[in-house]
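Trainee: I'd like to ask you about the structure that follows.
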Amino acid sequence: MKKQILALSLGLMSVVAFSQKKELRVAEKAIKKQDYTAALAAANSVEGMLETMDSKYKAQYYFVKGQALAGKNKYAEAAEAFNKLFAYEKEIGRERYSKDAQPMLNKLIEKVSNLGADLYNKDKNYKEAAKNFYLTYKLSPKDTSFLYNAAVSASLAKDYDTSLEYYNELKDLGYTGISTLYVATNKETGAVENLGSKANRDAMVKIGQYINPTVQVTESKKAEIVKNIGYIYVNQGKTEEAITALQEARKSDPKDINLLMNEAQMYIKLEKMDKFGELMREAVALDPTNPILFYNLGVVNANEDKIEEAIGYYKKAIELDPKYGDAYLNLGVTILNQRVDVIEEMNENLSNDKKYTELEGKLRKICKEALPYLIEADKINRTENTVTSLMNIYDTLEMTDKADALRKVYKEMRGN
């Protein structure tokens, strides 16, 4: 009796194996005809038998299912099938289908990433671009730069919840975005190009198409990620979360000037200029040769009517960068703004000739002090602001020829 039962069981198993083999062949033939619906139906018909399926059929099942899903543009599911194939064949120590499946998966990844790039660059459809960049990342988890692209795209689409989810995932992964670029100069165009790998760059140099091979290391995006998380919280009206995110990041690296500046910029957005000023002073201590920091301190103090302090900071910015046009302009305007109180006092003393003349002299002195800084600002970058400020000074100092010359310039700038 036992022998009969065993024979019957073996017979049943051979029927099942035959059925699996038949359906998988049907799937393969359908794929060759690009009938992916039929291929997927045939593959799915044996899915319930996976637990007892022979190893050669199980690997074949993952292979045909991956192809069928890819043909139906179900990219995530196709990648899942291919990755299960790779894992399974590695487990059993026999890679029959993996060598053919890997190029298929690579092609799939390339197709989705290119679609994401086109949606981002050409169509400006940031929401769909984010979906495709994130899908590319899921298809190839080692390519974390696509997760970063997805986060940026979602933010541009104002899909802040999704963007925040992606940025936090990047943060949890410890993503920095730092990469090594193997670059060389194209002899024909003169352009510096990234040639992908050291081996490829060296080969291109060797055959004479490129020169000046060098290595470039990109900057970390860690500070930018934290800043963007903060900005998303601000856009969502979550002020406390925004501040906490940036402060937590700074705790891990308190001397990172980029993280500090990002927190400072957050306070500008939140209109907390007192906190901005505190961080600028901290930044100056960390980076005492940075003219932008002194310029920012000048702005903070000028807004608080601390004129002497503002003037000192602007002068320090100019000392560090003699071509800093905005610092010259703000310095000149800050000095010039001291006219307001003098003019008001003059109007109160119209009948007091002695006092009026004294105040008039004070006004001229202020204008003469501001003049050289505004002239320099105008030389570096002429704007309507520099021109009008100079016209006002020339009028006050009765330098009519110079004022009239600038009036012509001003009219041209205004299109009159």
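The values are calculated or read from the model by the stated rules, or taken from the named source; none is laboratory data. The shown structure was predicted, so the numbers you read here are calculated from the model rather than taken from an experiment. Because the Cβ atoms are built from the backbone with ideal geometry, glycine has one as well, and the counts that use them run over all protein chains shown. Quick note on the areas: whole protein, heavy atoms, side chains included, nothing else; ligands and nucleic acids left out. Shrake-Rupley method; radii C 1.70, N 1.55, O 1.52, S 1.80 Å.
Trainee: Within the set of pairs 6 or more residues apart or between chains, which connect a residue that is closer than 14 Å to Lys111 by Cβ and modelled with pLDDT under 95 inside the range 127-155 to a residue that is not in a helix (DSSP H, G or I) and not aromatic (Phe, Trp, Tyr) with Cβ atoms less than 9 Å apart?
Mentor: Close Cβ pairs (under 9 Å, with a partner that is not in a helix (DSSP H, G or I) and not aromatic (Phe, Trp, Tyr)) amount to Thr136/Asp143; Phe146/Ser140.
Trainee: Residues Thr357, Thr400, Thr396, Thr386: which one is out of contact with any strand residue (DSSP E or B) (no Cβ under 9 Å at 6 or more places or on another chain), within 13 Å of Val333 (Cβ to Cβ) and modelled with pLDDT under 95?
Mentor: Values: Thr357 fails: within 13 Å of Val333 (Cβ to Cβ); Thr400 fails: within 13 Å of Val333 (Cβ to Cβ); Thr396 fails: within 13 Å of Val333 (Cβ to Cβ).
One residue alone meets the criteria, Thr386.
Trainee: While we're looking at this one, here's another question. Can we say Tyr210 is among the aromatic types (Phe, Trp, Tyr) and farther than 21 Å from Asp143 by Cβ? Walk me through how you get there before you give the answer.
Mentor: Working: among the aromatic types (Phe, Trp, Tyr): yes; farther than 21 Å from Asp143 by Cβ: yes.
Judged against the criteria, Tyr210 is a match.
Trainee: Okay, next question. Restricted to the range 370-416, and to residues that are free of Cβ contacts under 8 Å to residues at least 12 places away in the same chain and among the hydrophobic types (A, V, I, L, M, F, W, C), which residue is nearest to Lys316 (Cα to Cα)?
Mentor: Only one residue tops the list, namely Met399.
Trainee: Of all the residues that make up the range 144-172, how many are in a loop (DSSP other than H, G, I, E, B) and open to solvent by 50 Å² or more (accessible area, probe 1.4 Å)? I'd like the intermediate steps shown before the answer.
Mentor: Of the residues in the range 144-172, the ones in a loop (DSSP other than H, G, I, E, B) are 144, 157-159.
Imposing the further condition that a residue be open to solvent by 50 Å² or more (accessible area, probe 1.4 Å) reduces the set to 158.
Here the count works out to 1.
Trainee: If you don't mind, there's one more thing I want to ask. Among (1) farther than 21 Å from Asn149 by Cβ; (2) buried (at least 20 other Cβ atoms within 10 Å of the Cβ), where does Ile232 come up short?
Mentor: (1)
Trainee: When the range 285-312 is examined, which residues are found to be of a type in the set (Val, Ile, Thr) and under 26 Å from the mean Cα position of the chain (by Cα)?
Mentor: Matches in the range 285-312: Ile292 only.
Trainee: Which one of these does Glu384 not meet: (1) farther than 21 Å from Gly298 by Cα; (2) buried (at least 16 other Cβ atoms within 10 Å of the Cβ); (3) within 35 Å of the chain's Cα centre (by Cα)?
Mentor: (2)
Trainee: Are any residues in the range 40-78 farther than 22 Å from Asn106 by Cα and among the acidic types (Asp, Glu), and if so, which ones?
Mentor: Selection gives Glu47, Glu51, Asp54.
Trainee: To continue, here is another question. Among the numbered conditions (1) among the small types (Gly, Ala, Ser); (2) open to solvent by 30 Å² or more (accessible area, probe 1.4 Å); (3) not in a loop (DSSP other than H, G, I, E, B), tell me where Gly237 comes up short.
Mentor: Result: Gly237 passes all but (3).
Trainee: Oh, and also: Quick one: in the range 200-242, which of the residues that are closer than 30 Å to Ala184 by Cα and among the small types (Gly, Ala, Ser) is modelled with the lowest pLDDT?
Mentor: Start the filter on the range 200-242 by keeping residues that are closer than 30 Å to Ala184 by Cα, which leaves 200-225.
Cutting the leftovers down to among the small types (Gly, Ala, Ser) gives us 203, 208, 220, 223.
Numbers: Ala203: 88, Gly208: 92, Ser220: 82, Ala223: 77.
Among them, the one singled out is Ala223.
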